[in-house]
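Below is one structure, written out as structure tokens, with a few remarks after it.
The values are calculated or read from the model by the stated rules, or taken from the named source; none is laboratory data. Just so it is clear, the model here is predicted, and its values are computed rather than measured. Glycine gets a Cβ as well: all are built from the backbone with ideal geometry, and neighbour counts include every protein chain shown. When the accessible area is computed, the model is the full protein with side chains, heavy atoms only, and any ligands, DNA or RNA have been set aside. Shrake-Rupley method; radii C 1.70, N 1.55, O 1.52, S 1.80 Å.
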Amino acid sequence: MVERATWSRKLFLNFNYALLAFISFLCLFPIVQMIAISFSSGTAVASGRVTIFPVEFTTDAYRYVLRNKAFMDAVWVSVERVLLGCSLQMLLLVLIAYPLSKEVSAFRHRTLYVWFFMITILFSGGLVPTYLVIKNTGLLDSIWALVIPGAVPVFSVVLMLNFFRSLPKEMGEAAFIDGAGHWTTLIKIYIPLSKPGIATLLLFSVVGHWNSWFDGIIYMNSPSNYPLQSYLQSIVLMKQDSSALSVLDQSILANLSDRTLKSAQIGLGAFPILLVYPFLQKYFMKGIVLGSVKE
Amino acid sequence: MPNKSRRISIIGVSLVMLMSVIFTACSNNKGEPSTAPSSSAPSSSAEPSPSSSDSGSAAPSAGLPSKFDPPIQLTTAMANYSYTKFSDGETTDNNVYTNYIKDTYGIEVKAIWDVPFEQYEQKVNLMIASGEMPDFLAVSPSQFKQLYDAGSIADLTDIYEKYASDQTREIMDLAGAEVLESAKMKGRLMSIPWTGVAKEGVSILWIRKDWFEKFNLSAPQSMADVLKIAETFATQDPDGNGKPDTFGLGLYKELSENAMVGFLNGFHAYRDIWIKDADGKLVSGDIQPEMKTALAELQALYKNGWIDKEFGVKDIQKLEESIASGKVGMFFGNMGSAAAPLQQLTPENEWLPFAVPSVDSEPAKLQIPLNIFNYYWVVNKNAKHPEAIFPIIQTWLDMFYYNTSDELYTQYNYDSEQDIAHWMNAPIKIYKNKRAENHLAEIEVLNGGKDKTSLTPEQRNNLAGMEKYLAGDKKYWNVYYQDGPESSGKIAVEYLEKDMYQPTQFTGTPTPAMLQKKANLDKIRDQMILKVILGGSLDEFDKFVEQWKKLGGDEITAEVNEWFASTK
């Protein structure tokens, strides 16, 4: 299909590209600047001389951060949390979405179960009751407090459920005729066919777990158990209390409020999540079910 | 087939219901033991505080309680800066401070949790809501009131009389009489205030030395001089690049900071505090006519382009950038501005500190809020040994303020080699002014009046910096102008001696109308201030005053005066 390029079409395309390039620049600029700041010297940053390229290049900030035990501990907690949290989420997600994707004729009380889950999207207990539940079930100060409360991502269940429904029903029926039960059908037919959907939801799940900070601060009893984002939050938003200034050794605080250091830590914190994208990318192609059913 | 699936569904539904019941039951089970002791304990521990009262007015300070044997255990909650505070193997419950307190006083301190300051208040709220409370902890003024109303904190009146050390009392006195007063409820001492350093957090005028000398200026004696210097710096091209790209006075959008407040105080205008009027009634500083005068001057500065046209949207970082790039040569900062940020911003350019001058013959008074560091230390009513907090306070004072040994300083205060801030582990901290004291002590040694060994390690360190500066190493100018003979430390002494303070006269907990309406009133005040400076009519101020009164200001004033009458 060859396109005839009229001048107005060309103009439109060029304008379009320019606009999109500008918008992506707006998105990328803060990140690029942050990286530039993390590689610049403190005085250059303080005098506002850093834009896109590092000024007075140095890797001091990174060397300091990588030696910092608190930072590395936090990274480890985050990794642990993502591994545990995401595998639990994906497991429950599939197990819940599969039966709910069936028709009412095949699964009589489906509507009731759907409401059982949907109600949690509409209402939540609020901060204090949730905290009390976590506390009284003894999860406080353990990694499970970060994993279990969000173990069933209901919104993702809805997405997965619809994905299952979009698969030809006949394939499941064919499997049944060949003597497969529900488990076999799920594991051998539905899951392999749903890789794109699962990959997308896995990405949601990884990003969600990696980026959440509030639960870490609320449920953990000591900063040494914080996941990375909670740790970063407490560093980046540190109050510059002038009354504290005169008590604190000021060189310490100057050290802490250092923007290069903050940038380096934020950059390192965002890095692993950027790495995940390319690996999941290949599953984003549409699942191939074309031609599997003759109608 | 339909029959079977139906049965399965019913079983399924009932299973789900059953599970939710089990979970609820589970949580109930676990919940009870943790709440039970707090409700049943009062009878067992009610005796210590009243029994120890041998009429409060007895001779002060019998001293600290003797070492507990066998050791007792106290729980607390910690708030800290995100900074390295442990050496290898140390934890919140096992570090230099907890070990020292255990070995010296027989008190084991256990922290139930530890959290950065930013989240501390929220975490305490959650904890209070869950019905759990450690033996002692720091709480905000409104939490203090809440806990007092709920009857969950201990009366410290008698044990303070009996066990507080002289040094603790001295710090309470230094903070100001109103501070300890604010920790009382109905005349009984219900908490120990976490004293702050408000008296040394007030404004200081900093002027760049090379510009100051370039125009042969003399120390500003009045606000008129300050305005004149601002004009010179903005119009006479102090950086000599031939372009009118400099500003007279550094200002940024945070109106609550010294940069703004220092200027207002020079005109006897006070932002966000309560002052006494001629009739002895309390009035809000926000609506006084002095505010209008000060704003008119700022408006003129702005109109002439002598302050940054964009100050209203610039944060402190932007101001610091202007300072670093040599566009700003004068601003109201604090007593430590030389060390941070000026030393980092302009390492080669020295800055001179000056006391805030006044607009007239009456010396300027610098406004200070209630002098606490955000919190009060309260003790759980059920704690068996409330008096144990005093040895813990004493440990902090001994190690942080009165220690003169370098070795102990490294061990308990700050280890500069490994960059560990050990002091953050102290379970109870109260702050005290130290700039004036440091200045006096260091100067005495510098002039040869005294021996170095009498100094604290911090003072010795400052002294070494000053000596290096005097020997020609200009890198140490920041130490010299904070502690030397013509320094912010000297101004701190002057402020204290002349009592150049305007403390807020309202030191109670927020009144009902305040909780409801003050946030909005503050908002319209700050909008008005910005509007006027950016060139709005001065009538805006009068309009604001009217509005302020109508929108709850009068109600708050009435409540504040009611409180004031009740304290007399």
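At-a-glance table
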item: Scope the stretch B:497-519; condition within 24 Å of B:LEU366 (Cβ to Cβ) and outside any helix (DSSP H, G or I); matching residues; result: B:ASP499, B:MET500, B:TYR501, B:GLN502, B:PRO503, B:THR504, B:GLN505, B:PHE506, B:THR507, B:GLY508, B:PRO510
item: Within the stretch A:145-161, tally of residues that are over 15 Å from A:THR120 (Cα atoms) and in contact (Cβ under 8 Å) with a residue 60 or more places away in the chain; result: 5
item: Meets criteria (closer than 19 Å to A:ILE198 by Cα, surrounded by 17 or more Cβ atoms within 10 Å (Cβ to Cβ) and modelled with pLDDT of 95 or more) for A:LEU92; result: no
item: Selection status of B:ILE491, closer than 30 Å to B:LYS309 by Cβ, open to solvent by less than 60 Å² (accessible area, probe 1.4 Å), in a helix (DSSP H, G or I) and not assigned by TED's automatic domain parsing to the domain that holds B:ALA177; result: no
item: Sole exception among (1) open to solvent by 40 Å² or more (accessible area, probe 1.4 Å); (2) more than 30 Å from B:ASN478 (Cβ to Cβ); (3) not charged (D, E, K, R) for B:GLN317, by number; result: (2)
item: Check on B:LYS384, open to solvent by 10 Å² or more (accessible area, probe 1.4 Å), in the same structural domain as B:LEU147 (by TED's automatic domain parsing), basic (Lys, Arg) and touching a residue at least 12 places away in the same chain (Cβ under 8 Å); result: yes
item: Residues (touching a residue at least 24 places away in the same chain (Cβ under 8 Å) and at the interface with chain A (Cβ under 9 Å from one of its Cβ atoms)) located in the stretch B:298-325; result: B:ILE316, B:LYS318, B:GLU320, B:SER322, B:ILE323
item: Verdict on B:ASP360 being among the acidic types (Asp, Glu), open to solvent by 10 Å² or more (accessible area, probe 1.4 Å), assigned by TED's automatic domain parsing to the domain that holds B:GLY262 and within 27 Å of B:GLU486 (Cα to Cα); result: yes
item: Members of the stretch B:118-137 found to be closer than 18 Å to B:TRP194 by Cα, open to solvent by 20 Å² or more (accessible area, probe 1.4 Å) and within 14 Å of another protein chain (Cβ to nearest Cβ), listed by number; result: B:GLU118, B:GLU121
item: Candidate set: the stretch B:265-292, residues that are within 14 Å of B:PHE506 (Cβ to Cβ) and hydrophobic (A, V, I, L, M, F, W, C); chosen: the one nearest to the chain's Cα centre (by Cα); result: B:ILE273
item: Total residues in the stretch B:99-112, condition open to solvent by less than 10 Å² (accessible area, probe 1.4 Å) and out of contact with any Leu (no Cβ under 7 Å at 6 or more places or on another chain); result: 2
item: Count of the stretch A:106-132 residues which are hydrophobic (A, V, I, L, M, F, W, C), within 27 Å of B:GLY131 (Cβ to Cβ) and surrounded by 16 or more Cβ atoms within 10 Å (Cβ to Cβ); result: 1
item: Check on B:LEU174, in the same structural domain as B:ALA79 (by TED's automatic domain parsing) and out of contact with any Pro (no Cβ under 9 Å at 6 or more places or on another chain); result: yes
item: Only listed residue being at pLDDT 90 or above, open to solvent by less than 20 Å² (accessible area, probe 1.4 Å), closer than 30 Å to B:VAL179 by Cα and charged (D, E, K, R), chosen from B:GLU437, B:GLU442; result: B:GLU442
item: Tally of residues being open to solvent by 30 Å² or more (accessible area, probe 1.4 Å) and either in contact with a strand residue (DSSP E or B) (Cβ under 6 Å, 6 or more places away or on another chain) or more than 20 Å from A:ALA74 (Cα to Cα) (or both) across the stretch B:74-86; result: 2
item: Members of the stretch A:47-89 that are part of a helix (DSSP H, G or I) and open to solvent by less than 30 Å² (accessible area, probe 1.4 Å); result: A:ALA61, A:VAL65, A:PHE71, A:ALA74, A:VAL77, A:SER78, A:ARG81, A:VAL82, A:GLY85, A:CYS86, A:GLN89
item: Candidate set: the stretch A:227-243, residues that are within 7 Å of another protein chain (Cβ to nearest Cβ) and surrounded by fewer than 18 Cβ atoms within 10 Å (Cβ to Cβ); chosen: the one modelled with the highest pLDDT; result: A:LEU237
item: Restricting the stretch A:44-88 to residues that are within 13 Å of chain B (Cβ to nearest Cβ) and among the small types (Gly, Ala, Ser), the residue that is nearest to A:VAL207 (Cα to Cα); result: A:ALA74
item: First in the stretch B:340-363 and over 18 Å from B:ASP473 (Cβ atoms) and in a loop (DSSP other than H, G, I, E, B), second anywhere and at pLDDT 90 or above and open to solvent by 40 Å² or more (accessible area, probe 1.4 Å), Cβ under 8 Å, 6 or more apart; result: B:ALA355/B:GLU494; B:PRO357/B:GLN221; B:PRO357/B:ASP225; B:VAL359/B:ALA224; B:VAL359/B:THR293; B:PRO363/B:LYS498
item: Residue in the stretch B:116-135 that is touching a residue at least 60 places away in the same chain (Cβ under 8 Å) and assigned to a helix (DSSP H, G or I) present; result: no
item: Which listed residue, of B:ALA492, B:ALA519, B:ALA513, is within 30 Å of B:ASP398 (Cβ to Cβ) and not basic (Lys, Arg); result: B:ALA492
item: Filter result for B:LEU551 (under 30 Å from B:ALA338 (Cβ atoms), part of a helix (DSSP H, G or I) and open to solvent by 20 Å² or more (accessible area, probe 1.4 Å)); result: no
item: Single condition B:VAL378 does not satisfy, out of (1) open to solvent by 20 Å² or more (accessible area, probe 1.4 Å); (2) at pLDDT 95 or above; result: (1)
